[in-house]
Amino acid sequence: MPAPDYDRRYVEAVLPDLHDYLLVNEIYWPVRSAARRGEPPFPQFTLGNLLLSLRRLGARRMPTAEQAEAARLQTEVDLIRNRWRVAWENKAGREFTARLRLWRDFLEELREEPSRHADRYAYEVGRRVILNLLVNETSQIPPAERELLSGLDGLLRAIFMPGDFIWETDLQRGFPAEEYWFLYGGVQILSP
């Protein structure tokens, strides 16, 4: 997981383009700024990645000045979300559909070859987290997609082993176990 400064810089990098991004058809947009040398590159600009960065920022315990900056960034995003609500919801719904397909594909690969794909779980589960964040951003998710997500959760529960929080400990308070149960453990590899 990136450091809090990384998430803040990502939000600052995409925020100037948020309005324009909401009005284009693309779900994935390039980020014009680069991460610092030695860091992973910034993920593509999507609402889901923006929401995840904001959630991680809010989860971490930071000095007062950094908390104030995180709150300012959240307020700016909220203002744009409220002003461009229809565009925001459309984009969130389209990203939900795209990410749901990717999550389904990973779970299918995991089911078919668990020993080959189980080590990717801690990374891939980020898609499931983003699905949780996006579902609260739009009313435009078709019932069939909600049912598919529920079914995929059922498949995951069948091979899930509850355990410790799998991301950095300082993020735990932003991802409660009741809502983000899939971050509290991992998958077990069952013999065929």
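Throughout, read-outs are computed from the coordinates displayed, never taken from laboratory work. Nothing here was measured: the structure is a model prediction, and the numbers come from that model. Neighbour counts are summed over all protein chains in view; Cβ atoms, including those assigned to glycine, are modelled from backbone coordinates with ideal geometry.
Once the Cβ-Cβ distance of N25 and E147 is raised to the sixth power relative to R0 = 25 Å, the FRET efficiency obtained is 0.40. Counting only Cα atoms, the size of the range 37-82 along its three principal axes is 28, 27, 16 Å, in decreasing order. The range 3-95 has equivalent-ellipsoid semi-axes of 22, 16, 10 Å, by the square roots of 5 times the alpha carbon gyration tensor eigenvalues, sorted largest first. Taking amide H positions as modeled 1.01 Å from N, with prolines and chain starts lacking one, the residues under 5 Å from F45 and 5 or more places away or on another chain are W29, V31. For V187, list long-range residues whose amide hydrogen, built 1.01 Å from N in the peptide plane, is under 5 Å from its own amide hydrogen. The answer is M161. Remark: relative contact order (the range 94-187) = 32 percent; criterion is Cα-Cα distance under 8 angstrom and separation of 6 or more residues.
Specify whether the C-alpha gyration tensor of the range 94-187 places it in the rounded, prolate or oblate class, a ≥ b ≥ c being the square roots of the eigenvalues: rounded for a/c under 1.5, otherwise prolate if a/b is larger than b/c and oblate if not. Oblate, because a/c is 1.5 or more while a/b does not exceed b/c. Computed over the Cα atoms of the chain, the ratio of the radius of gyration to the Kirkwood radius (Rg/Rh) comes to 0.97.
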